[in-house]
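Colleague: Quick one: the structure is below, and I'll ask about it shortly.
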Amino acid sequence: MKPSTAKRVRETYTALADRTPQMVEAFYRRVFAARPDLVAIFPPDMSRLQGHFGAALALIARNVERIDALEQPLMSMGARHLGYGVKYEDYPIVGEALLATLEEFAGVLWTPEVAAAWKDVVSAVSAAMLRGAAVAAWESERPLRGQRRSAP
């Protein structure tokens, strides 16, 4: 990650960090508004998951200049998400929801440069997660695209 990208992401996250719980709630509202069918793959009580998402966002933002060092944990996360029923085509929806949420909460801090920096980071994280999902799909012969398993 370029130093300017890392700096913009880190500074933006630092400015927003105290509002992480509200951002995470807004993010999931966006995801479910865009794709109501995704509700079925999430637990009824989202509090633990929201905490995990907030922690992952913080970890990524604080270590953005070393995003390559997070490759294996991100690949593992992608493999786990495949097991939950997340498909390849869900990733763009989630990425767009995250960027829109960050833009909403950042307000005037959301410049074209900040938007580009966050887009680069979201793309890098998604790519690593998708690599992990692809490996898991290949190893388990589960589809990465297509039919979603039904909720229990």
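The values are calculated or read from the model by the stated rules, or taken from the named source; none is laboratory data. Note that this is a predicted model, so its numbers are computed, not measured. Note that each Cβ is placed from the backbone with ideal geometry, even for glycine, and that neighbours are counted across all protein chains shown.
Colleague: What residue, of ALA33, ALA69, ALA15, is without any contact (Cβ under 8 Å) to a residue 40 or more places away in the chain, among the aliphatic types (A, V, I, L, M), within 18 Å of GLU104 (Cα to Cα) and out of contact with any Ser or Thr (no Cβ under 7 Å at 6 or more places or on another chain)?
Modeller: ALA33
Colleague: Given the criteria surrounded by fewer than 14 Cβ atoms within 10 Å (Cβ to Cβ) and under 11 Å from the mean Cα position of the chain (by Cα), does SER123 qualify?
Modeller: Details: surrounded by fewer than 14 Cβ atoms within 10 Å (Cβ to Cβ): yes; under 11 Å from the mean Cα position of the chain (by Cα): yes.
The answer is yes for SER123.
Colleague: To continue, here is another question. Name the helices (runs of 4 or more DSSP H) wholly within segment 1-89 that hold at least 3 residues that are within 24 Å of ALA133 (Cβ to Cβ) and at pLDDT 90 or above?
Modeller: Working: elements: 3-16, 20-34, 47-62, 71-84.
The helices (runs of 4 or more DSSP H) meeting that bar are 20-34, 47-62, 71-84.
Colleague: Of all residues in segment 36-51, how many are exposed (fewer than 13 other Cβ atoms within 10 Å of the Cβ), touching a helix residue (DSSP H, G or I) at 6+ places or on another chain (Cβ under 8 Å) and touching a residue at least 40 places away in the same chain (Cβ under 8 Å)?
Modeller: Counting residues in segment 36-51 that are exposed (fewer than 13 other Cβ atoms within 10 Å of the Cβ), touching a helix residue (DSSP H, G or I) at 6+ places or on another chain (Cβ under 8 Å) and touching a residue at least 40 places away in the same chain (Cβ under 8 Å) gives 0.
Colleague: State all residues of segment 13-46 that are over 15 Å from the mean Cα position of the chain (by Cα), within 22 Å of ILE93 (Cβ to Cβ) and of a type in the set (S, T, N, Q); if no residue qualifies, say none.
Modeller: GLN22 - this is the single residue of segment 13-46 that is over 15 Å from the mean Cα position of the chain (by Cα), within 22 Å of ILE93 (Cβ to Cβ) and of a type in the set (S, T, N, Q).
Colleague: Select from segment 52-80 the residues that are under 11 Å from the mean Cα position of the chain (by Cα) and more than 22 Å from THR12 (Cα to Cα) and write down the one among them that is surrounded by the most Cβ atoms within 10 Å (Cβ to Cβ).
Modeller: Looking at the filtered set, the residue picked out is GLY78.
Colleague: If you don't mind, another one. Output the residues belonging to segment 91-110 that are among the charged types (D, E, K, R) and either buried (at least 19 other Cβ atoms within 10 Å of the Cβ) or touching a residue at least 60 places away in the same chain (Cβ under 8 Å) (or both). Even if it seems obvious, please write down each step before you answer.
Modeller: Let us first name the residues in segment 91-110 that are among the charged types (D, E, K, R), namely 96, 103-104.
Of everything in segment 91-110, those that are among the charged types (D, E, K, R) and either buried (at least 19 other Cβ atoms within 10 Å of the Cβ) or touching a residue at least 60 places away in the same chain (Cβ under 8 Å) (or both) turn out to be GLU96, GLU104.
Colleague: Quick test of your reading of the structure: ALA116 fulfils all but one of (1) modelled with pLDDT under 95; (2) aliphatic (A, V, I, L, M); (3) within 27 Å of THR20 (Cα to Cα). Name the failing condition by number.
Modeller: With (1) modelled with pLDDT under 95; (2) aliphatic (A, V, I, L, M); (3) within 27 Å of THR20 (Cα to Cα) applied to ALA116, the lone miss is (1).
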